[in-house]
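Peer 1: Here's a structure for you.
The values are calculated or read from the model by the stated rules, or taken from the named source; none is laboratory data. Here the structure is a predicted model, which means the values were calculated and not measured. Virtual Cβ from ideal backbone geometry, glycine too; neighbours counted across all protein chains shown.
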Amino acid sequence: MQGKLMRRLILAAMVLSPAVYAQSPIVIKFSHVVAADTPKGMAAERFKQLAEKATRGKVRVDIYPDSKLYKDREELEALQLGAVQMLAPSLAKFGPLGIKEFEAFDIPFLFPDKQALHAVTEGRAGRSLLRKLEPKGIIGLAYWDNGFKVISANRPVKTPADMRGLKFRIQASKVLDAQTRALGASPQVTNFAEVYQALKTGAADATENPPSNLLTQRMFEVQKYITVTNHGYLGYAVIVNKKFWESLPADIRFELEAAMKAATRYANDIAQQENDQALDALKAMPGLQVYYPGRSEKAEWQRALMPVQREMELRVGADLLRDINRETQNARDESGQK
């Protein structure tokens, strides 16, 4: 990390030392990289409202959306140093931190639907993953949904063969790298705040996002083709600096946990609605083509990407994948799906 940024982080950590917490109000800096009107941005605002009300003004939550404080590659270090107290990074961010098991969430077509997904995030596998953050000085509080991803590109992409040769923007994830290469495309790791410019200049030809991100970041201005593959999931873990969290009075921490539970219910309730509305808005735009693969084409996408799960077993852990597949299958059995 550059020296200037490191000095800024250390100064902020000193300013926000535990001695300050005795003063009122306790300030929680909540930083994230997406727009305020995305599902994550709206959920962060809901947590702010609930937390400040529940603590009767003893806590103030300051929200910094759209990478105003830190970009993708900076925010986790900022949290560990105490420059910010709370983040909601995408689950792919924890691989570079050394907790590669979180990259299981990036595996394409692993989660057939939201019910199966929530069986994992709210079950044993999800809880065990959050506990792996603690040795890194981080407490995992909750999982927030965004949604399932579509592909946007500067040329029509109807089948996996159409991906061949494209420069495809991804997050820093070994699973997403393998996914991209399995489709014959070239992976381009890019900070989220820089994706629009990369697509505009041709540094990237295509990318993947839930529709809400694609709309709020105005990527439709530089991408004219969207394919509704729903091939992968994008979600977040709400995390907090461990030293800060454990320094809070027990009653304050209890109230914040209750506020987080309520904000999480809200986040996961609105995510699908926001993405559905975003996709409708995109479909209504002149000059933008939205394509839904047919049954045989979707099967073709699944066949092309199935080897990624087998390839990534060693990275994310065969036992974890068995637990995830067991929990998703149990969810399908309970809902009567085949």
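Peer 1: Would you list the helices (runs of 4 or more DSSP H) that sit entirely within the stretch 220-320 and hold 2 or more residues that are among the hydroxyl-bearing types (Ser, Thr, Tyr) and crowded, with 16+ Cβ neighbours inside 10 Å?
Peer 2: Answer list for the stretch 220-320: 250-283.
Let's see how each residue does on (1) modelled with pLDDT of 95 or more; (2) under 14 Å from Ser173 (Cβ atoms); (3) under 15 Å from the mean Cα position of the chain (by Cα):
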| residue | (1), (2), (3) |
| --- | --- |
| Thr55 | yes, no, no |
| Arg60 | yes, no, no |
| Asp66 | no, no, yes |
| Leu69 | no, no, no |
| Asp72 | no, yes, yes |
| Val84 | yes, no, no |
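Peer 1: Just give me the residues in the stretch 133-164 being under 15 Å from Thr207 (Cβ atoms) and without any contact (Cβ under 8 Å) to a residue 24 or more places away in the chain, in sequence order.
Peer 2: The answer is Asp162, and nothing else.
Peer 1: For the stretch 58-91, what are the residues that are buried (at least 23 other Cβ atoms within 10 Å of the Cβ) and more than 15 Å from Val240 (Cα to Cα)?
Peer 2: Matches in the stretch 58-91: Tyr70 only.
Peer 1: I'd like to verify a number: residues in the stretch 135-148 that are in contact with a strand residue (DSSP E or B) (Cβ under 8 Å, 6 or more places away or on another chain) and either hydrophobic (A, V, I, L, M, F, W, C) or surrounded by fewer than 23 Cβ atoms within 10 Å (Cβ to Cβ) (or both), how many?
Peer 2: The qualifying residues number 8.
Peer 1: Which ones in the stretch 272-300 are hydrophobic (A, V, I, L, M, F, W, C) and either farther than 14 Å from Leu214 by Cα or without any contact (Cβ under 8 Å) to a residue 24 or more places away in the chain (or both)?
Peer 2: Those that are hydrophobic (A, V, I, L, M, F, W, C) and either farther than 14 Å from Leu214 by Cα or without any contact (Cβ under 8 Å) to a residue 24 or more places away in the chain (or both): Ala284, Ala299.
Peer 1: Looking at Ala104 and the list (1) crowded, with 18+ Cβ neighbours inside 10 Å; (2) in a loop (DSSP other than H, G, I, E, B); (3) aliphatic (A, V, I, L, M), which single condition is not satisfied?
Peer 2: Only one criterion is unmet by Ala104, namely (2).
Peer 1: Now for a different question. For a quick check of your reading of the model, give me the residue pairs whose first member lies in the stretch 107-119 and is closer than 16 Å to Lys149 by Cα, whose second is surrounded by fewer than 19 Cβ atoms within 10 Å (Cβ to Cβ) and among the aromatic types (Phe, Trp, Tyr), with beta-carbon atoms closer than 6 Å and at least 6 apart or on different chains.
Peer 2: Pairs found: none.
Peer 1: Also, quick follow-up: Can we say Gln179 is among the polar types (S, T, N, Q), assigned to a strand (DSSP E or B) and not assigned by TED's automatic domain parsing to the domain that holds Glu74?
Peer 2: no
Peer 1: Across the stretch 149-171, which residue is nearest to Lys243 (Cα to Cα) among those that are β-branched (Val, Ile, Thr) and buried (at least 19 other Cβ atoms within 10 Å of the Cβ)?
Peer 2: Ile170
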